[in-house]
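Written out below as structure tokens is the structure these notes cover.
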There are 2 protein chains.
Amino acid sequence: MTVTEQPAVLTIAGSDSGGGAGIQADLKVFTANGCYGASVAVALTAQNTRGVQAVYASPPAFIEQQLRSVLDDIPIKAMKTGMLFDVSSICTVVQVLRSHYAKDPESIPPLVCDPVCVSTSGHNLLQPDAVNVLVSELLPLVFLFTPNKSEAEIILSSHGLEPSDIIDLEGMVEASQALLTLGPKNVLLKGGHLTTTYNEVLKFRAARPDVRMVSTNFDGENTEILQAAGYDTQDCEVVVDVLRTPQRVALFLHPRVDSTSTHGTGCTLSAAIASQLAHGKSVNDGTALAIEYTHTAIESAIPIGKGHSPLNHGHALIMRTIPKATPRDPYPFVRMLIQSTTQQWKAYVEHQFVQQMARGTLPLECLQHVTKQGALYLKYYGRAHGLLVAKSSSSAEIKAASNTIIDVLNEVSPSNTARARWGVTDVDIHLTPESTATTAYGAFLMDCGLRGDGMSVTMAAAACLIGYGEVGLWFKKEQSRPGTWVVVEGNPYAQWFEQWSGEQYQTAVKTGMDILETIAAEDSPSPARFEEWRTVWERCTELERGFWDMALQQS
Amino acid sequence: MTVTEQPAVLTIAGSDSGGGAGIQADLKVFTANGCYGASVAVALTAQNTRGVQAVYASPPAFIEQQLRSVLDDIPIKAMKTGMLFDVSSICTVVQVLRSHYAKDPESIPPLVCDPVCVSTSGHNLLQPDAVNVLVSELLPLVFLFTPNKSEAEIILSSHGLEPSDIIDLEGMVEASQALLTLGPKNVLLKGGHLTTTYNEVLKFRAARPDVRMVSTNFDGENTEILQAAGYDTQDCEVVVDVLRTPQRVALFLHPRVDSTSTHGTGCTLSAAIASQLAHGKSVNDGTALAIEYTHTAIESAIPIGKGHSPLNHGHALIMRTIPKATPRDPYPFVRMLIQSTTQQWKAYVEHQFVQQMARGTLPLECLQHVTKQGALYLKYYGRAHGLLVAKSSSSAEIKAASNTIIDVLNEVSPSNTARARWGVTDVDIHLTPESTATTAYGAFLMDCGLRGDGMSVTMAAAACLIGYGEVGLWFKKEQSRPGTWVVVEGNPYAQWFEQWSGEQYQTAVKTGMDILETIAAEDSPSPARFEEWRTVWERCTELERGFWDMALQQS
């Protein structure tokens, strides 16, 4: 089996120009359920929400060509048939499927057959003589057969099978059993045309304890609080779909919805089941998920057109705020942060302070000042990571944050001699008053540590971490330009830049960016949450700029 | 204009059975871009990733019927044409569009025309004599014309227009201008067949400052850090698409991707632009977004089939963890919380302690014990809301959390006489040692307050708030059953239940649930974040149960 994130599903059905039913609905459902959709158009319809204006059948030879093109190339994991229209198209489909899987008939992917006899608007979509052929030829290949009440009645009565009158739950269960004898592996008899109540179902169930009941929407125990708040399902009318497998009978309950947005409901349900089967779900689980999906698609439908509106196939989807990382764009989150703060970012990483250092013209006092303030700032930085330790969920997180604290302690330790290079002693640091720019930045770090979850501190630390890495590389790049303005020879500050462009620091930056991207991918943020993160980043780039303003002004 | 969340977009094109191009790709793109898709099938193809095996054209009359069915019913906000195949289908489409919008030709929705002359696999998809008809008949109706280099050459040379040789950027810009004179309002000349570098583009741009440059992927300034980490776009080959509007020329840059997953790229891009136009974007913004969408769709493609693979149309989508609220399911988040903890929830809200109270058989000492411990617990509850105040972003949030603290203070105040009913005095509370069950629950609230963002405290408070509301309603429901086991008459504890089922408390519960659902809908959680929330809920239902264990055992 080819491993794909998006298993391929094939629909063999009619085309609905209006987009609410047929292969159009199927393709939307496949996409919305994380599958790759292929299609064989058995017939075209000129159709909209008000009805079917015309049908134009594909020639059998062309149905065959489409089906062979798909099966020969694409690893289909599940299939569905919708409108098959006439005898010749049914026979063509059966013949191609049989011949394609002739070597190993067991390898045929699960096929969901929705018999689509009549459209929601009343148009006949399966010619009368085709019913028997569907049963005798197609059903033996079918994994799950999904007729509604009236389709079941047409099919059963055409085969002289009783009961052909499906008027209650007992009748549905009996009919599902009769349908199973016609050849499909499983039957889902849809109850949308029958009206019952939850209490009637419970009564029926009491008499038939062998029957399974699946009812996400009715698991009433200890949910009075939901019912009081409008979720009143106990007394409402319910729709019961009966799933008959060789092993047992299951009833799937959902509340009857008073809606005219039902165009393509059958197509949607069978396509959703096929999607779930393609994902490897069992017939029971797949049916339960597909019924729930379809039910919400009706309830959340946005009316369109003047007749029976289509369903809302995309109700379960939301847009990513951060694009998927790709080989060419491995850091989409960091890229978006930088691109959303172009001006502030530039003002920070190309600050006059940095430029004067790159030229070697910066008064030493400025660097001394910022070195002292930097040491004071680092205490906040360490403390904020203490809050991150406190907010961690795993030992790995605790360790990572603790290591940052240890690094900071080493940096500000009296035994750290790096500062001596700029003529700054530990005593100097001890004696220097804290600048308001230092307090602003440091206190903001602590506020992030207090307010948000762990990601808040991580975000607040990012602008400093990544910014210094950028400054280092920027210097290196400017330095490599022909006729560069950057001074290296005899520049007392060249070493300062080398620290940030060096391998050790750049590795730390890359690790930090990897962490940010991993969090962003695994905990894909809502627009509101993304904006929270982005705001922290933006504020920190501004505070970094303020830090260097302070250095220049020695304020 | 009808207000819809999902504007309708129409594709008039061929059907690709393989699902990677044609109306199938278009419908997937519309869905992935938040639009409702309708389609007119101009021709069917038997096609897969390896090529086009056969083409079967729809009769012109049936193209007309499909197009009329759609336009008569569905409020189309944008359209695109793909493969139109031959003269008669082009003339049919033009004639129906002209007649449908005859009364107000300006009201025609923006039409994107992708001339689809040849498939990726080399199959001829537009008959030679149809090129002139496309230009003379269709182009005057077109809002945006999107040929690639070879299509532009075919079209320009068939009209005796020079330059018909498009070999560099200069040639592309000139060709786009020549194409504009053929009638479309705007032209996007796609440069996928041309190879250039970022530096060449910069050089060209320097000579033509009037030309706009759009390059999300190349905004190189101050992004050395991204380039060092693998995002190296400066020296790579780039693809330049030229957008010619009546006002100006814009170059859209993206890195050339070395991929064979390009089946249906043209269809995808034009469908994505049509989607953006339907959302009301300008031609500039819509084109930029659509190019980025298409680019990522190629880069993130999951290979399928044995030839040129289709794109990953769903790359920008993720699944909701909490379903959309509907009239029948207005509290999907709270429902999922309860359903995910059925056993713990039942053990809490139907606890022996509650049942003995409902029967009136609970020893008074037990209620006295839990009343005292409850007062101790409420101090933690208040303090945790102090952390919520500290974590709030708006005055409204600060106020809501502060009000909870005030309510708690009133509840535990010595002047609150409600406790006297059960014979518990303020002195009793002062003297009672804190149970470990109380510490466990209280300290967990504080830990939630410390660790997460504001939602963490809100979640931790939910099990208590909603659970007592459920207990109150459960009592009421049991009480109303014929022959109920619940004792009301003479039950000293009946008043206790009334407090929780009463209007005041139930209103507070509903407000709390509304807040939870609003947060869940506005800050749609990732699976990881949802699991964090759910875990807090689960732990609190267990701690509530432990609280009543403690009450029964007077421990």
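Exactly one residue among A:Glu489, A:Glu478, A:Glu411 is more than 14 Å from chain B (Cβ to nearest Cβ) and touching a helix residue (DSSP H, G or I) at 6+ places or on another chain (Cβ under 8 Å), and that residue is A:Glu411. Report yes if some residue within the range B:22-33 is open to solvent by 10 Å² or more (accessible area, probe 1.4 Å), outside any strand (DSSP E or B) and either of a type in the set (A, V, I, L, M) or at pLDDT below 95 (or both); otherwise report no. Looking for residues that are open to solvent by 10 Å² or more (accessible area, probe 1.4 Å), outside any strand (DSSP E or B) and either of a type in the set (A, V, I, L, M) or at pLDDT below 95 (or both), one finds none in the range B:22-33, hence no.
Condition check for B:Tyr505 on (1) farther than 21 Å from B:Arg545 by Cα; (2) of a type outside the set (S, T, N, Q); (3) more than 10 Å from every other protein chain (Cβ to nearest Cβ): one failure, at (1).
When restricted to residues that are at the interface with chain B (Cβ under 7 Å from one of its Cβ atoms), surrounded by fewer than 24 Cβ atoms within 10 Å (Cβ to Cβ) and more than 21 Å from A:Leu311 (Cα to Cα), the range A:47-58 contains 2.
A single member of B:Leu317, B:Leu277 is farther than 19 Å from B:Cys236 by Cβ, buried (at least 24 other Cβ atoms within 10 Å of the Cβ) and not aromatic (Phe, Trp, Tyr), and it is B:Leu277.
In the range A:10-35, the residue that is nearest to the other protein chains (Cβ to nearest Cβ) out of those that are farther than 17 Å from B:Ala13 by Cα and of a type in the set (Val, Ile, Thr) is A:Thr31. Among the criteria (1) modelled with pLDDT under 95; (2) open to solvent by 20 Å² or more (accessible area, probe 1.4 Å); (3) not hydrophobic (A, V, I, L, M, F, W, C), the one B:Gly171 does not fulfil is (2).
Within the range A:112-140, the residues that satisfy the criterion of being among the hydrophobic types (A, V, I, L, M, F, W, C), more than 16 Å from A:Ala21 (Cα to Cα) and out of contact with any Leu (no Cβ under 6 Å at 6 or more places or on another chain) are A:Ala130, A:Val131, A:Val133, A:Leu134, A:Leu138. Within the bounds of the range B:206-215, is there any residue that is in contact with a His (Cβ under 9 Å, 6 or more places away or on another chain), under 30 Å from A:Tyr331 (Cβ atoms) and open to solvent by less than 50 Å² (accessible area, probe 1.4 Å)? Yes; the residues of the range B:206-215 include at least one that is in contact with a His (Cβ under 9 Å, 6 or more places away or on another chain), under 30 Å from A:Tyr331 (Cβ atoms) and open to solvent by less than 50 Å² (accessible area, probe 1.4 Å).
Please list, ordered by residue number, the helices (runs of 4 or more DSSP H) wholly in the range A:393-452 having 1 or more residues that are within 30 Å of B:Val536 (Cα to Cα). Once the helices (runs of 4 or more DSSP H) in the range A:393-452 are filtered for at least 1 residues that are within 30 Å of B:Val536 (Cα to Cα), what remains is A:395-412, A:436-451. I'd like to know if the range A:303-318 contains one or more residues that are farther than 26 Å from A:Asp26 by Cα and either in contact (Cβ under 8 Å) with a residue 40 or more places away in the chain or aromatic (Phe, Trp, Tyr) (or both). So far as the range A:303-318 goes, no, none of its residues is farther than 26 Å from A:Asp26 by Cα and either in contact (Cβ under 8 Å) with a residue 40 or more places away in the chain or aromatic (Phe, Trp, Tyr) (or both). Of all residues in the range A:154-175, those that are in a helix (DSSP H, G or I) and in contact with a helix residue (DSSP H, G or I) (Cβ under 8 Å, 6 or more places away or on another chain) total 8. For B:Thr92, the conditions (1) within 31 Å of the chain's Cα centre (by Cα); (2) under 16 Å from B:Thr11 (Cα atoms); (3) among the β-branched types (Val, Ile, Thr) are fulfilled apart from (1). Search the range B:410-425 for residues being touching a residue at least 24 places away in the same chain (Cβ under 8 Å) and more than 17 Å from B:Leu364 (Cβ to Cβ), and hand back the single one that is surrounded by the fewest Cβ atoms within 10 Å (Cβ to Cβ). Among residues in the range B:410-425 that are touching a residue at least 24 places away in the same chain (Cβ under 8 Å) and more than 17 Å from B:Leu364 (Cβ to Cβ), the one surrounded by the fewest Cβ atoms within 10 Å (Cβ to Cβ) is B:Glu411. Whenever a residue of the range B:78-105 is in contact (Cβ under 8 Å) with a residue 40 or more places away in the chain, its partners that are of a type in the set (Phe, Trp, Tyr), lying with C-beta atoms within less than 9 angstrom and at least six residues away or across chains, give the pairs B:Ala78/B:Phe143; B:Met79/B:Phe143. Taken over the range B:385-409, the criterion of being in contact with an Asp or Glu (Cβ under 9 Å, 6 or more places away or on another chain) and either among the aliphatic types (A, V, I, L, M) or open to solvent by 40 Å² or more (accessible area, probe 1.4 Å) (or both) is satisfied by B:Leu388, B:Val389, B:Ser393. Please enumerate the residues belonging to the range A:339-355 that are under 15 Å from A:Asp549 (Cα atoms) and free of Cβ contacts under 8 Å to residues at least 40 places away in the same chain. A:Lys346, A:Gln355, listed by residue number. Scanning the range A:324-349 for residues that are at the interface with chain B (Cβ under 7 Å from one of its Cβ atoms), in a loop (DSSP other than H, G, I, E, B) and either open to solvent by 40 Å² or more (accessible area, probe 1.4 Å) or touching a Cys at 6+ places or on another chain (Cβ under 8 Å) (or both) turns up A:Lys324, A:Pro327, A:Arg328. Selection over the range A:450-465 of residues that are more than 29 Å from the chain's Cα centre (by Cα) and either within 12 Å of chain B (Cβ to nearest Cβ) or of a type in the set (D, E, K, R) (or both) gives a count of 2.
When the range B:516-544 is filtered for residues that are within 13 Å of chain A (Cβ to nearest Cβ) and open to solvent by 70 Å² or more (accessible area, probe 1.4 Å), the ones remaining, listed by number, are B:Ala521, B:Glu522, B:Pro527, B:Glu531, B:Glu532.
Here's the yes/no breakdown for (1) touching a Ser or Thr at 6+ places or on another chain (Cβ under 8 Å); (2) at pLDDT 95 or above:
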| position | (1), (2) |
| --- | --- |
| B:Pro75 | yes, yes |
| B:Ala78 | yes, yes |
| B:Gly82 | yes, yes |
| B:Phe85 | no, no |
| B:Val96 | no, yes |
| B:His100 | no, yes |
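The single condition among (1) within 27 Å of A:Ala54 (Cβ to Cβ); (2) in contact (Cβ under 8 Å) with a residue 40 or more places away in the chain; (3) in contact with a Pro (Cβ under 9 Å, 6 or more places away or on another chain); (4) open to solvent by less than 20 Å² (accessible area, probe 1.4 Å) that A:Phe145 does not satisfy is (1). Screening A:Gln368 on (1) more than 9 Å from chain B (Cβ to nearest Cβ); (2) farther than 23 Å from A:Ala528 by Cβ; (3) touching a helix residue (DSSP H, G or I) at 6+ places or on another chain (Cβ under 6 Å); (4) crowded, with 19+ Cβ neighbours inside 10 Å shows it passes everything except condition (4).
Of the residues contained in the range B:36-46, one or more are found to be open to solvent by 10 Å² or more (accessible area, probe 1.4 Å) and either of a type outside the set (Gly, Ala, Ser) or more than 7 Å from every other protein chain (Cβ to nearest Cβ) (or both). Residues in the range B:426-449 that are without any contact (Cβ under 8 Å) to a residue 24 or more places away in the chain and within 14 Å of chain A (Cβ to nearest Cβ): B:Asp447 only.
Going through (1) open to solvent by 10 Å² or more (accessible area, probe 1.4 Å); (2) in contact (Cβ under 8 Å) with a residue 24 or more places away in the chain; (3) more than 14 Å from every other protein chain (Cβ to nearest Cβ); (4) over 25 Å from A:Asp16 (Cβ atoms) one by one, A:Gln247 falls short only on (2).
The values are calculated or read from the model by the stated rules, or taken from the named source; none is laboratory data. Bear in mind the structure is a predicted one, so any value in this text is a computation, not a measurement. Reconstructed Cβ throughout: ideal geometry from the backbone, glycine too, with neighbour counts over all protein chains shown. Accessible surface areas use protein heavy atoms only, side chains included; no ligands, DNA or RNA. Shrake-Rupley method; radii C 1.70, N 1.55, O 1.52, S 1.80 Å.
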